[in-house]
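Read through the structure below, which is laid out as structure tokens, and then see the notes.
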Amino acid sequence: MSRFLFLILAFWFCLPKGHLQTDPLLLGQPDNLLRTLANPALAPRKNGIVVQLPAFFSQSWFEGPAWGDFVRRQGGQRVLTIDDAIAEMNDRNRLFQQNDLVLLGVALVKGRTSAGISSRFRLHALGVYPKALPQLIWQGNGQFVGQLVELDHTLDMYSFHELSAWGIVGLGKLTVGARIKWLNGVQALRTQRNALSLLTSDTDYAITIRSDYLLYSAGTFDYRSLQDFTLDLPGATLADLELFTRNAGMGLDLGVAWRGEQWELGASVTDLGGRIRWTRQARAWQSQGDFGYSGVDISAALTGDSVAFGDALDTLRAILHIERMDTTFETALPTRYWFSAHRRINAMMRAGAVLSAVRLDQDTYATLSLQGAVRLGPFVEGGAALNLRKGPQPTTLALSASAKLGPVRASAWVDNPAAIVAPARARFFAARLGLQLELGDSPSGK
């Protein structure tokens, strides 16, 4: 079985790497029902009924400036330092936020055969922007005289409720699992076309804007006039939750696992073919063409001292000739891939590795997680993982803990706990908290 672990390591070095968009620590706790979210063939090593109580996961990462670059202390007061933050930006910068709130789940585990249902509320938010965009908005277009400035950017934000049913069938030491998902979209905001450029003439300082831009929204943004607009970005709290909407879709998880006396191997794909069709409050905002202006200071028009948010929207709509249309559109969920190998060293210790990958914005992001866990007593377990990726924080330490009191099991893990101590310099953080109720609790011997 060490060959399988070596294969995971070799595959890791062949993949393009990036920031983590998956949660490899899901697969590191064999008694946790949440691990079926990553591989539906890996049920808890229990017999009986397992009830997943509310569990929350959040992950954030970004490139370019850290939060501490935007706000600094001067003379004993906190002041905005936007110019300093812009100086720290890359030519292109990414921001990512993922929230996952498991509302409730129920599973019946019997030997190597299991079945269950679950309800989740999920948020996905990805933004990609060039350094020139905040430079233009905050500092003005005077610095770009005679230059063609590319302002292409990407927005992909959506939240949805997921209701799923899953099952596992045992074939000797092999288990095969599948989860079918019914998706109900709540909010969305996405760029379909994002070509945008600006040229400031070096002779008469006239501005030419070239645009081929299409933005979709559903339940997030609507603009009717300067005094009549709404902005409600996707969130992932109970206040944002809608269980059933007209924005419907489906998805599928598939997984296989092999369990021996000491080794546990797994491979899975999640959110396979996942799509949501947005029909409720679906809008399209389009700007297409070449537009010329003279005597316009972009920064003053959008962020001047006397400019309100509604004024800025009105200015943008006028400059870009934005047209609003009722429409429908689709969102494709990014497919995630998981490979895992864990070995029980003795009755007290486990070790293993998880390779996870996801494709976002035409890039593949992969993470290798080297994990270990030790029992600290009959009811408490602690663990640690070294997560490897490319990016501003290519290596992070993750810590996990699990405790059982009667039929209730609590679990928690934090990736990059240093961000809690020094949040101003952190560019990555992830954490998960969860509770589950175990009824008829007995080892399955799987």
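Structural remarks
- Any pair with Cβ under 7 angstrom, 6 or more apart, that starts in segment 107-131 at a residue that is closer than 11 Å to N47 by Cβ and ends at one that is in a strand (DSSP E or B) and of a type in the set (K, R): V109/K46
- Wholly enclosed strands (runs of 3 or more DSSP E) of segment 191-268 bearing at least 3 residues surrounded by fewer than 19 Cβ atoms within 10 Å (Cβ to Cβ), modelled with pLDDT of 90 or more and within 21 Å of the chain's Cα centre (by Cα): 248-259
- The numbered conditions (1) buried (at least 16 other Cβ atoms within 10 Å of the Cβ); (2) touching a strand residue (DSSP E or B) at 6+ places or on another chain (Cβ under 6 Å); (3) at pLDDT 80 or above are all true for G18 except (3).
- Within segment 341-386, being of a type outside the set (V, I, T), within 29 Å of H153 (Cβ to Cβ) and in contact with a helix residue (DSSP H, G or I) (Cβ under 7 Å, 6 or more places away or on another chain) holds for S356, A366.
- Single residue of segment 104-140 satisfying the filter (within 24 Å of A431 (Cα to Cα) and surrounded by fewer than 19 Cβ atoms within 10 Å (Cβ to Cβ)) that is nearest to the chain's Cα centre (by Cα): G127
- Taking the criterion of being outside any loop (DSSP other than H, G, I, E, B), over 17 Å from the mean Cα position of the chain (by Cα), surrounded by fewer than 17 Cβ atoms within 10 Å (Cβ to Cβ) and modelled with pLDDT of 90 or more, the residues of segment 406-438 that qualify are V408, A410, A412, L435, L437.
- The single condition among (1) of a type outside the set (D, E); (2) part of a strand (DSSP E or B); (3) surrounded by 17 or more Cβ atoms within 10 Å (Cβ to Cβ); (4) modelled with pLDDT under 90 that A188 does not meet is (4).
- Of all residues in segment 177-220, exactly one satisfies the criterion of being under 20 Å from V128 (Cα atoms) and among the acidic types (D, E), namely D212.
- Selected residue (only one of L133, L163 is under 18 Å from T331 (Cα atoms) and hydrophobic (A, V, I, L, M, F, W, C)): L163
- Summed over segment 20-73, residues that are part of a loop (DSSP other than H, G, I, E, B) and either in contact with a Gly (Cβ under 6 Å, 6 or more places away or on another chain) or not charged (D, E, K, R) (or both) total 17.
- Among residues of segment 80-103 being in a strand (DSSP E or B) and aliphatic (A, V, I, L, M), the one that is farthest from A426 (Cα to Cα) is L103.
- Set F70, F4: member being touching a Ser or Thr at 6+ places or on another chain (Cβ under 8 Å), farther than 29 Å from L101 by Cα, at pLDDT below 85 and surrounded by fewer than 19 Cβ atoms within 10 Å (Cβ to Cβ): F70
- Evaluating A41 against the criteria (1) at pLDDT 85 or above; (2) more than 19 Å from S268 (Cα to Cα); (3) surrounded by 20 or more Cβ atoms within 10 Å (Cβ to Cβ) leaves one unmet condition, (2).
- Checking G177, G146 one by one, the residue that is modelled with pLDDT of 90 or more and farther than 19 Å from T331 by Cα is G177 and no other.
- Top-ranked residue of segment 143-172 - restricted to ones that are closer than 23 Å to F62 by Cα and assigned to a loop (DSSP other than H, G, I, E, B), ranked as nearest to the chain's Cα centre (by Cα): H153
- Members of segment 308-344 found to be among the β-branched types (V, I, T) and either in contact with a strand residue (DSSP E or B) (Cβ under 6 Å, 6 or more places away or on another chain) or at pLDDT 90 or above (or both), listed by number: I322, T327, T328, T331, T335
- Taking every residue in segment 141-159 that is crowded, with 18+ Cβ neighbours inside 10 Å and pairing it with any residue that is at pLDDT 90 or above and not in a strand (DSSP E or B), at least 6 positions away or on another chain, the pairs with Cβ-Cβ distances below 9 Å are Y158/L333.
- Scoring S402 on the criteria (1) of a type outside the set (K, R); (2) modelled with pLDDT of 90 or more; (3) not in a strand (DSSP E or B) leaves a single failure, condition (3).
The values are calculated or read from the model by the stated rules, or taken from the named source; none is laboratory data. Just so we're clear, the structure is a prediction, and the values are computed from it rather than from any experiment. Heads up, the Cβs are rebuilt from the backbone with ideal geometry, glycines too, and the neighbour counts pull from every protein chain shown.
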